[in-house]
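To start, the structure itself, in structure tokens.
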Amino acid sequence: MFRHKHHGERILPEHIAIIMDGNGRWAKKRRLPRSAGHAAGARTFKEIARYCNRIGLHYLTVYAFSTENWKRPQEEVDNIMELLRDYLKDAKNFKDENILVKFIGNLAVLPQDIRDLIVDAEENSKDATGLKLNIALNYGGRDEIVAAVRRVVSDGLAPDEVDEAAIADRLYTAGQPDPDFIIRPSGEYRLSNYLIWQSAYAEFWFSDVLWPDFKPHHLEEAIDDFCRRNRRFGGV
Ligand code: FPP
């Protein structure tokens, strides 16, 4: 167990974004089906979200399902959707935990029951004052930018009215600060179409730990690293 720090002593990132990668490899190492890896990943997600809320982080965005993930075997897609249903049915917990939840991505093509559960969960947590949790679902960064540009056009903006703010205000994350810290575990060093507009100035942190093994102390390690970098580059 790591030693608890006095969280007031350091400046937390404003917005952490995590790519929850490595569920499949975690399961394979244990000779378990991939579904067991995703179930373990979902447990880790809940633990990390709760932890972020507890330390007073303002924004957390997690990548739950990409626009490319539909290419996986149907069984695996169904399995991830089922984990999502379980999580959403638990939605009253967001309220109890004071977490404000928001789903980002092209939600229109998701199964109707999931869309209904998403509306309920967002409605249920809308007065929460703690962590703002974005769950990226059927999310792709380029897809998001295309959707924003379409809205720029349908809103009838003139060419000289199209600036960075005009695009940013039409992204799924409109009104939120950009992520300043992006975490990718499981030994991959790619952004994989995640928050590509928003990550323009973000710091990155990589680790070989597979997502289901990712614990609050790994997050603490990452945040300490973030603080060290900011001390080095942020000062006069
Ligand atoms: C990447 O691991 C993970 C995913 C594509 C799915 C992430 C889903 C969860 C963590 C569970 C459901 C989420 C919620 C919000 C309840 P991978 O399968 O690509 O792993 P691999 O690279 O080792 O094969």
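A short reminder: the numbers here are calculations on the coordinates, not readings from a lab. The structure displayed is predicted, hence computed values, not measured ones. Cβ sites come from the backbone with ideal geometry, for glycine too, and all protein chains shown count toward neighbours.
So how many residues does segment 206-221 have that are touching a Pro at 6+ places or on another chain (Cβ under 9 Å) and of a type outside the set (Ser, Thr, Tyr)?
Keep residues of segment 206-221 that are touching a Pro at 6+ places or on another chain (Cβ under 9 Å), which gives 206-211, 213-214, 218.
Then drop every residue that is not of a type outside the set (Ser, Thr, Tyr), which leaves 206, 208-211, 213-214, 218.
Qualifying residue count for the region: 8.
Within segment 8-111, which strands (runs of 3 or more DSSP E) (wholly inside it) include 1 or more residues that are under 20 Å from residue 178 (Cα atoms), touching a Phe, Trp or Tyr at 6+ places or on another chain (Cβ under 8 Å) and more than 9 Å from the ligand (Cβ to nearest atom)?
On the way: elements: 15-19, 59-66, 100-104.
Passing ranges, in order: 15-19, 100-104.
Would you point out the residue of segment 149-187, among those that are hydrophobic (A, V, I, L, M, F, W, C) and part of a helix (DSSP H, G or I), that is farthest from residue 222 (Cα to Cα)?
Looking at the filtered set, the residue picked out is 153.
Please go through segment 30-82 and pick out each residue that is among the basic types (Lys, Arg) and touching a residue at least 60 places away in the same chain (Cβ under 8 Å).
Of segment 30-82, the ones among the basic types (Lys, Arg) are 30-31, 34, 43, 46, 50, 54, 71-72.
Within segment 30-82, 43 is the sole residue that qualifies.
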